[in-house]
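Q: What follows is a single structure, and I will ask about it in a moment.
The values are calculated or read from the model by the stated rules, or taken from the named source; none is laboratory data. What you are looking at is a predicted structure, and each value in this text was computed from that prediction instead of being measured. All Cβ positions, glycine included, derive from the backbone under ideal geometry; neighbour counts span all protein chains shown.
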Amino acid sequence: MIKRLAALTILLIISTTLSSEPITREKAAQWIDANYQRFFQKYYLSCEAAISRMVLNMIGIRDLDEDAILESLPRHPTNPDLGLVMKDVSGDIYNKDGTINWGNYGAHADVLHNWFSMITKQNKKDKEYRFEKTFLTNAKLVRYLKSNKDCLGAIIWVAAPINEKKPPRNERGQVLGEHVQLVSPLPDKKGRMVVYDVWPWPGQPFHLYNPFNRDMFDYVVLLIKRIDKE
């Protein structure tokens with residue numbers, strides 16, 4: 001019982017003391033592991049909003065809930081590079097006749113990059129944290145995480161296989177089953193990414209060399225960076 005109380009105390013400290021100054025990647029990794037279950041997505045298609053809320057909470061911006069983020073994110077009827085393509089956040093990615101409903105989709109990296117930059121500036125966190133969009137294969141991302149002490153994690157775009165094959169993609173670059181995940185800033189001892197999902201899958205975190213179908217998004221990654229003032 002004493003050990004359990006001590007563990008709970010440690011988790012409480014981790015979850016409530018990350019807003020006074022830019023955090024280290026070690027503290028970020030601890031915080032994500034202790035708190036990710038509080039940020040499971042509220043709606044079937046709200047992964048971008050859920051992961052944004054988790055990241056904002058980690059860097060000390062805690063007054064936006066998932067619905068407020070969904071309201072704040074830009075929308076676009078067809079182009080996920082310009083805004084969230086979302087007719088019904090609780091709807092399906094298939095129409096009733098079995099065809100793909102590309103109008104229920106999500107957003108690509110440019111949208112979240114621009115939105116995070118706006119929110120951090122509005123909350124006067126832009127001198128402490130920044131977000132960097134880049135392209136890193138799985139191996140290069142692991143090497144980057146290992147070597148960059150100012151990286152607090154990474155958002156990646158993935159899509160699960162369908163019938164053990166790559167999912168379809170349309171002419172606008174939309175990939176069926178588009179999803180986002182958060183990668184811990186600290187890979188595991190075997191050199192695998194430690195990956196957290198805002199969908200309530202059991203068995204998290206996942207330890208992966210190759211998250212599903214990142215190549216279909218050109219290995220885009222949104223890095224979460226602390227700004228070293230030294």
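Q: Scan segment 53-67 and give yes if some residue there is part of a helix (DSSP H, G or I), of a type in the set (G, A, S) and at pLDDT 95 or above, otherwise no.
A: no
Q: So A160 clears everything in (1) surrounded by fewer than 19 Cβ atoms within 10 Å (Cβ to Cβ); (2) aliphatic (A, V, I, L, M); (3) touching a strand residue (DSSP E or B) at 6+ places or on another chain (Cβ under 7 Å) except one condition, right? Which one?
A: Status for A160: all satisfied but (3).
Q: With the requirement that a residue be out of contact with any Ser or Thr (no Cβ under 9 Å at 6 or more places or on another chain) and either on the phi < 0 side of the Ramachandran plot or crowded, with 20+ Cβ neighbours inside 10 Å (or both), what does segment 186-202 give you?
A: L186, P187, D188, K189, K190, R192, D197, W199, P200, W201, P202, listed by residue number.
Q: Are any of the residues in segment 89-111 crowded, with 20+ Cβ neighbours inside 10 Å and on the phi > 0 side of the Ramachandran plot?
A: yes
Q: Show the residue pairs meeting these rules: Cβ distance below 6 Å; 6+ apart or different chains; first residue within segment 86-105 and among the charged types (D, E, K, R); second residue not in a strand (DSSP E or B).
A: Between residues of segment 86-105 that are among the charged types (D, E, K, R) and residues that are not in a strand (DSSP E or B), the close pairs are K87/G103.
Q: Looking at segment 121-146 only, could you name the residues that are under 20 Å from N210 (Cβ atoms), of a type outside the set (K, R) and either in contact with a Cys (Cβ under 6 Å, 6 or more places away or on another chain) or not in a loop (DSSP other than H, G, I, E, B) (or both)?
A: Result: T134, F135, N138, A139, L141, V142, Y144, L145.
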